[in-house]
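Since the structure comes first, as structure tokens, the remarks are kept for the end.
The values are calculated or read from the model by the stated rules, or taken from the named source; none is laboratory data. Source: prediction; values computed, not measured. Cβ sites come from the backbone with ideal geometry, for glycine too, and all protein chains shown count toward neighbours.
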């Protein structure tokens, strides 16, 4: 009877896995929207009405992270720890939907027919449509990055003492399926609507409508989470009135910034993801130029990038839950990424083989499984739970600095060097630095015994 009274929704496998599906679907739709235009870069750049070029596309790609870089994510972390996962999740989903709407309008026929002169009157090298699309992407980016940190805290809450690494691994796998979906469906939708001239707006509208579904899913989660919180109060695990010592204070941010382990993980994160996500933006165009193939063939090759990551991540999460070795897996993931980008830089241009390209893309997906699957479940081991939301947001903030600057850098390097050799060397260099940081993480864990190499389930 006592056991019955002390059970919560978290103890129900059906309930906690339903929560995972609801929040992961939101991230699936978000990831799909992020890359929905990436396979269409060459179409965007050749559209005479839009007037985009390589540099404009690079600036647009970087715009997702501008507001996050300039402090929004720090603010988002405070909101998350102060207001909780329900409020923050609904806010983040709303921002994504609003941003998607603005971006859709920017590339629509309506905008083309009603050109807003003041948008064209300043920064003439950046067309008005690109400025507005970038603005929408900024708003979306705030919501997407806030949602990512919120989902991490949700899973840490709902899977505490359960299959946390597996849950986080599955969430990442589902989210990455969004990249596959974007690469697979965006060209198909674009070609289907080619006769009507809606090669760009149709895929974008499709992805935007999916974000609305994600918003509705989060509303369902919020109902479940409210009930869960009442249960935690009933069993004494939580209270309606928090102890002042357990309350989040702005001064707690200083504790995070003074943590050596926080900075190692944050820098590892920014270097690793700076060699992954910006590469995704340019990958289709890179394959087009290097292999001399069509846009459809290039996107068809790269769409397989997240597949091995999607398949392997849950199993890696289970391995970490039961066996540990999180820091070691980060090192291996960084090494694999170095090798892959070196192949892209030096081997593929000499031997332009589709088979070699596909194999390298798949192996890069293995790296994309190893590092995130081990990195994100490590954060709750080194950061106090009451500031966990802020810690995740601060890591994302540091990460976003790289994700904002690197596409700009790659766009400039493409123009300056007339190719992808130097950009690929830059990506490989990020991998080298990430490897040494993962090594430092393992050394520090051995000194301080954070348990990064230990299993999550006891």
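Just to be sure before I move on: is residue 409 under 15 Å from residue 268 (Cβ atoms), touching a residue at least 12 places away in the same chain (Cβ under 8 Å) and touching a helix residue (DSSP H, G or I) at 6+ places or on another chain (Cβ under 9 Å) in the structure I sent? In short, no. Only one entry in 431, 402 is under 17 Å from the mean Cα position of the chain (by Cα) and either assigned to a helix (DSSP H, G or I) or crowded, with 16+ Cβ neighbours inside 10 Å (or both), namely 402. Among the residues of segment 294-303, the one identified as touching a residue at least 60 places away in the same chain (Cβ under 8 Å) and surrounded by fewer than 18 Cβ atoms within 10 Å (Cβ to Cβ) is 296. Of all positions in segment 367-390, at least one carries a residue that is in contact with a helix residue (DSSP H, G or I) (Cβ under 6 Å, 6 or more places away or on another chain), modelled with pLDDT of 90 or more and assigned to a helix (DSSP H, G or I).
Taking into account only those residues within segment 199-213 that are touching a residue at least 12 places away in the same chain (Cβ under 8 Å) and either part of a loop (DSSP other than H, G, I, E, B) or closer than 14 Å to residue 94 by Cα (or both), which is nearest to the chain's Cα centre (by Cα)? My answer is 211.
If you go through segment 277-289 and keep only what is under 14 Å from the mean Cα position of the chain (by Cα) and crowded, with 24+ Cβ neighbours inside 10 Å, you end up with 278, 279, 281.
Every test in (1) surrounded by fewer than 24 Cβ atoms within 10 Å (Cβ to Cβ); (2) touching a residue at least 60 places away in the same chain (Cβ under 8 Å); (3) farther than 24 Å from residue 326 by Cα is passed by residue 216 save one, and that test is (2). From the list 437, 413, 441, 409, the one residue that fits, being assigned to a helix (DSSP H, G or I), over 21 Å from the mean Cα position of the chain (by Cα) and closer than 25 Å to residue 74 by Cα, is 441. Of the set (1) more than 25 Å from residue 262 (Cβ to Cβ); (2) more than 20 Å from the chain's Cα centre (by Cα); (3) in a helix (DSSP H, G or I), all apply to residue 419 but (3). In segment 179-201, of all residues being farther than 28 Å from residue 309 by Cβ and touching a helix residue (DSSP H, G or I) at 6+ places or on another chain (Cβ under 6 Å), the one that is surrounded by the fewest Cβ atoms within 10 Å (Cβ to Cβ) corresponds to 193. When segment 444-458 is filtered for residues that are touching a helix residue (DSSP H, G or I) at 6+ places or on another chain (Cβ under 6 Å) and part of a loop (DSSP other than H, G, I, E, B), the ones remaining, listed by number, are 450, 451, 452, 453, 455, 456, 457.
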